[in-house]
Structures are given as structure tokens and as C-alpha cells.
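The values are calculated or read from the model by the stated rules, or taken from the named source; none is laboratory data. Not measured: the values here are computed from a predicted model. Glycine also receives a Cβ, built like all others from the backbone with ideal geometry; neighbour counts cover every protein chain displayed.
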Amino acid sequence: MKLGLIINPVAGVGGSVALKGSDGVVEEALARGAVKQANNRTRTALEPLLAVKDKLSFITASGEMGADLLQEMGFRFEVAYQAPKDTSAEDSKAAAKALLDKHVELLLFAGGDGTARDICAVVEETLPVLGVPAGCKIHSGVYAVTPKAAGELIASLHRGELLSLVDADVMDIDESQFRQGVVRAKRFGEMRIPSSLRYVQAVKQGGKESDELVLHDIASEVISRMELGQRFVMGSGSTVAFIMEELGLANTLLGVDLIENEQLLESDLTEAQLFEAIIPGTKLVITLIGGQGHLFGRGNQQLSPRVIRAIGRDNILVVATKRKLQALDGRPLIIDTGDAALDRELTGIYPIITGYRDSVMYRAANPTD
């Protein structure tokens, strides 16, 4: 797993000295004897990950914004942003931009509502995030209930447990009014966070998925993402076949088809035909082999290394029912393209479309991992 880490080192620094926050009062808070606690809170969050630290790598900012703590705890990390000694909101934003450019799979950040606003201004819903509560104001829904809970959530993701991706509000209040006893919270946006598994809409009594309803939901989500002029490579498998059926298009169950503007362009393409048909922005819709968990390398040889590289990891849409994922018992999805370098590029966390506006996070790995 490639995780991002941003710590706002002065988050909550005004709380212990009755300043009710840190916005604009950091120097006064420190002068009153306040002690920075954000790194300690982040240490608590990272402790549940020590047992698997050889399986993790971090991208972070220098100094108190992440690197110092990661080095102290023995995690592997790379510094993508050089932070000044005295940090500000602009450094949180710049660090978030640097980590976004490094394609981290999950961004862990420590702070309060102001920090969440800064991260949201850059990341929005392009990347899953999780907040470590370290500020005075924690009105936003993007934070774990405790620092330790944040680490446990990431540890469960590494174990292969299913975590839903949910939209959570980013809230903040006016600290100047808060210091006068007036609480006025305002919504500033939303970000996507991993959450414990939840079933929505298409379920039977008792929490069991209804396969037919779930497949309808998955198809509706994929179809809603189809934009005019955009090509979609439709992989093999019954889940993808159901999407084609919902579109009213003929499908090659054990082959690969190409559609554009919800119309069939070509059926059962060869690897060479598929490579020639790829244009910028082409998406690949693929599912896993039930029971085995292969994502690439079984039954879809048309998706060669050069085809996958031409499409790009960011344009791969993985679809599956939660029942199929749970049947793996925590085992990762298998990447076996025949190209070792590409296998390494494709490993990591994927958002799996499991319904309409419903996704879970799941790990894919090289078979030798």
C-alpha cells in the first residue's frame, strides 16, 4: 500500500490554552505555553500499522509534517514536499498537491476542520482520505472517531476486509465567533473516506445481497459514468455481460467488446484490434474471476501489457458484487499480466464498484507477494 501522510503540526495548539482553536493564534498559543500534540496523535494512529510496516510505504512532507515521525517509527517513506519550519494552511495545500501527483492510494492527514478544508480544496473527491482528529474543532465527517480508530481502519483494509467508500462532509466554523460563544458551522465540500462495510439499497432481509438487484445497481453506476465520445472496453465475465444487457447490446461473454456513446463499435476484438482502437480517455470495465480473484491473467489475454498501459490504471473500472469479494476471505485480487514491471504498477488499492454510488476499497497484489 502506498499511503500519503500530512500532519498539521500546530493543529489544536490553542485548545489547551483556552484559545479555542489555532487559526491565526499559533504564536500566542505557543507563548502561553501550549504544546504541539498533532504528531503524538498521529503516532497513536500509526501504531496499529507497525506490524505490517514492511508492506507499507508513505509519501509525505518533510519535518513535523510527517517525515520526522515516520523516521522515528521506522516506516518506509519518501518526501514529496519540503515544508518550512513555520507551517501554514498553504503548506497543507501544497503538500496535498504533491501527494496527489505521486498517486497515493489513500491520504491520511492529521488536523482539525481547518486542515480538512485545506485538503478538500486540493483533493476534493479524486482520492480517498482519512482524518486523524488532532484539532479543537472536529465537525467534519472525514475524521475517524479516534486516532487509533484511523490506524485500525487502514489495518483492516490491508487485511483484505471490505470497506465502503462514502462521501463525507467537510465542515468548519468561524473561530473568531466561536471564541465569542457563537457556533456557526458551514459546509465547504465533501471528500471520500473508507468506512466499515455497509449495505445500501439492493439488499434482502438479513443483510444478504440480492444478486439481480445488485447487478442492476452496478450497471446503473457504470452507465452513469459513460460520457459522449468516450470509449469503453468491456471485459469478459457475467458481471460485465449484465452491463451490456442493460445497454441492450450484444455481448461476447468470454471476449472483449468496444462501445462508444452506448453503442457497440466492435465485438470480440483481438489484442491487436483492441490496441489500435484505444484513444485518450478510453475506460476498461473488468471484473474478477469468482473464487480465484484474478483481475488480470486469466480469461482476458486480449488485455495485454501494452493494451493495459495504453489505457492506464486510472481508467480501469473494476466491478463486482460484495458477495464475490467476501468469498475471497481477505485474499487480494491477483495481478498476473506476464509483465513483472506492469504487475508491480498495478498492485495496490482499487475502488471496486459494488452498486449505484456504492464502492468498496480492495487490495490487488502480484501473485508472488
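The set of residues in region 321-337 being in contact (Cβ under 8 Å) with a residue 60 or more places away in the chain, surrounded by 15 or more Cβ atoms within 10 Å (Cβ to Cβ) and farther than 18 Å from V214 by Cβ consists of P332 alone. Candidates are the residues of region 253-286 that are under 30 Å from A327 (Cα atoms) and touching a Leu at 6+ places or on another chain (Cβ under 8 Å); the one that is modelled with the lowest pLDDT is G255.
Counting only strands (runs of 3 or more DSSP E) that sit wholly inside region 304-369, those with at least 2 residues that are more than 16 Å from S164 (Cβ to Cβ) and of a type in the set (A, V, I, L, M, F, W, C) are 316-319, 333-335, 358-365.
Report, by residue number, each residue of region 71-99 that is of a type outside the set (S, T, N, Q), assigned to a helix (DSSP H, G or I) and touching a residue at least 60 places away in the same chain (Cβ under 8 Å). Break it down into steps so the answer makes sense when it comes.
First pass over region 71-99, keeping only residues of a type outside the set (S, T, N, Q): 72-81, 83-86, 89-91, 93-99.
From what's left, assigned to a helix (DSSP H, G or I): 72-73, 89-91, 93-99.
Selection gives A95, A96, L99.
The residues listed here are G312, G297; of these, the one that is among the small types (G, A, S) and either touching an Asp or Glu at 6+ places or on another chain (Cβ under 6 Å) or outside the structural domain of I278 (by TED's automatic domain parsing) (or both) is G297.
Take F242 and decide whether it is under 17 Å from D217 (Cα atoms), in a helix (DSSP H, G or I) and aromatic (F, W, Y). For F242, the condition - under 17 Å from D217 (Cα atoms), in a helix (DSSP H, G or I) and aromatic (F, W, Y) - is met.
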